[in-house]
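Trainee: Structure provided below as structure tokens; questions to follow.
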Amino acid sequence: MNALSLPPDFEGRVQRDEPMSKHTSWHVGGPADLFFSPLDATDVSGFLQGLEPGTPVMWIGLGSNLLVRDGGVRGAVIETHGIFDELERRSDNDVWCGSGVACAKLAKQCIKWGLGPAEFFAGIPGTLGGALAMNAGAFGGETWKHVVSVATIDRNGVRHERPASDYNVGYRHVEGPKDEWFLGALLRFELRPGVSNDDIRQLLAKRKATQPIQEWSCGSVFTNPPGNHAARLIEACGLKGFRIGGARVSEMHANFIVNDGTASAADIEQLIRHVQQTVEQKHGVRLNTEVRIVGEVSHG
């Protein structure tokens, strides 16, 4: 399917035509030309330097907040989860966290250290890398409120240390140097010795009671419009339970689209567009997607 060449040292370690449905929380997505699970940052550097110039590169953590189309992804996909997993306390208030660390793990460790507010990270269903890329938030907390600096790697495999001020950050939006990806971040919290795992348990119980976390979804599909809630607008249109193919709007939380096990990426994308059109017609509000939609439409 593709003729992308690799340096000899990587040939045996890179999957070709790897189904992205194995790596996304929606369990859909066509093949990636190249799929690489590096050993460490030096390994990534060598891989990036060995790629043919112009080869597109995409990074993936736990594959939440991501819709990969059925035609798959051209170029290379680099997996971070389970690789960039350093998590250490650097001072009384500062924590170094690798981009492959699950946000829930970061939340629990901060509580052990008596640091906060970090409980909200337990409500983010991805890795720190994904949370940094989109300023993910939950339960009123936001990732970049805690970022002091980040470590990145660029298209040429060169590493950089950057202060948070190098980035323009807003609600579910982060803009920074082009063609650089996060390896980790230095995060700052307050000393909160009274915080316990009960706080996380309560937040997770609330999430379980209000979100379809037992089903295949990507987390929230749409960002909340100013002064409103996407879920409220979708529900007001009577769209809970509405389905296209194997994809449907969750009856539990209208800002979630679930895959019943038979959905294609095309079903999900069509349903996203239908929800946007319906809400715009009825409420005059254009919902923006929080989920990233990538890859090519299948013509098969």
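The values are calculated or read from the model by the stated rules, or taken from the named source; none is laboratory data. All of these numbers come straight from a predicted model, not from anything done at the bench. Using ideal geometry, Cβ is built from the backbone for each residue, glycine included, and neighbour counts are taken over all protein chains shown. Note: areas computed on protein heavy atoms with side chains; ligands, DNA, RNA excluded. Shrake-Rupley method; radii C 1.70, N 1.55, O 1.52, S 1.80 Å.
Trainee: What residue, among those in region 5-37 that are in contact with an Asp or Glu (Cβ under 8 Å, 6 or more places away or on another chain) and surrounded by fewer than 19 Cβ atoms within 10 Å (Cβ to Cβ), is nearest to Ala247 (Cα to Cα)?
Mentor: If we take residues in region 5-37 being in contact with an Asp or Glu (Cβ under 8 Å, 6 or more places away or on another chain) and surrounded by fewer than 19 Cβ atoms within 10 Å (Cβ to Cβ), then Asp17 is nearest to Ala247 (Cα to Cα).
Trainee: Which of the residues that make up region 141-190 are touching a Leu at 6+ places or on another chain (Cβ under 8 Å), at negative phi, open to solvent by less than 40 Å² (accessible area, probe 1.4 Å) and not in a strand (DSSP E or B)?
Mentor: Across region 141-190, the qualifying residues are Thr143, Trp144, His146, Phe189.
Trainee: I need the full set of residues from region 276-300 which are touching a helix residue (DSSP H, G or I) at 6+ places or on another chain (Cβ under 6 Å) and open to solvent by less than 20 Å² (accessible area, probe 1.4 Å), in order please.
Mentor: Correct list: Val279, Leu287.
Trainee: With the condition kept exactly as written, say whether any residue in region 60-80 is open to solvent by less than 10 Å² (accessible area, probe 1.4 Å), part of a strand (DSSP E or B), closer than 30 Å to Thr262 by Cα and small (Gly, Ala, Ser).
Mentor: Scanning region 60-80, I find at least one residue that is open to solvent by less than 10 Å² (accessible area, probe 1.4 Å), part of a strand (DSSP E or B), closer than 30 Å to Thr262 by Cα and small (Gly, Ala, Ser), so the answer is yes.
Trainee: On to the next question. Among the residues in region 14-33, are any in a strand (DSSP E or B), under 17 Å from the mean Cα position of the chain (by Cα) and aliphatic (A, V, I, L, M)?
Mentor: In the first step, residues of region 14-33 are kept if they are in a strand (DSSP E or B); the result is 14-19, 31-33.
Still in the running and under 17 Å from the mean Cα position of the chain (by Cα): none.
Checked region 14-33: no residue is in a strand (DSSP E or B), under 17 Å from the mean Cα position of the chain (by Cα) and aliphatic (A, V, I, L, M).
Trainee: When residues of region 38-53 are filtered for being open to solvent by 40 Å² or more (accessible area, probe 1.4 Å) and assigned to a helix (DSSP H, G or I), how many remain?
Mentor: Of all residues in region 38-53, those open to solvent by 40 Å² or more (accessible area, probe 1.4 Å) come to 39-40, 42, 49, 52-53.
Keeping just the survivors that are assigned to a helix (DSSP H, G or I) gives 42, 49.
Selection size over region 38-53: 2.
Trainee: Please state which of the following conditions Gln214 fails to meet, knowing it meets all the rest: (1) open to solvent by 70 Å² or more (accessible area, probe 1.4 Å); (2) outside any helix (DSSP H, G or I); (3) farther than 30 Å from Asp260 by Cβ.
Mentor: Just one mismatch for Gln214, condition (3).
Trainee: May I pose another question? In this structure, does Leu4 turn out to be farther than 23 Å from Gly126 by Cβ, in contact (Cβ under 8 Å) with a residue 24 or more places away in the chain, of a type outside the set (Asp, Glu) and touching a strand residue (DSSP E or B) at 6+ places or on another chain (Cβ under 6 Å)?
Mentor: On the way: farther than 23 Å from Gly126 by Cβ: yes; in contact (Cβ under 8 Å) with a residue 24 or more places away in the chain: yes; of a type outside the set (Asp, Glu): yes; touching a strand residue (DSSP E or B) at 6+ places or on another chain (Cβ under 6 Å): yes.
Yes.
Trainee: Limited to region 222-271, what total is found for residues that are touching a residue at least 60 places away in the same chain (Cβ under 8 Å), in a loop (DSSP other than H, G, I, E, B) and of a type in the set (S, T, N, Q)?
Mentor: 2
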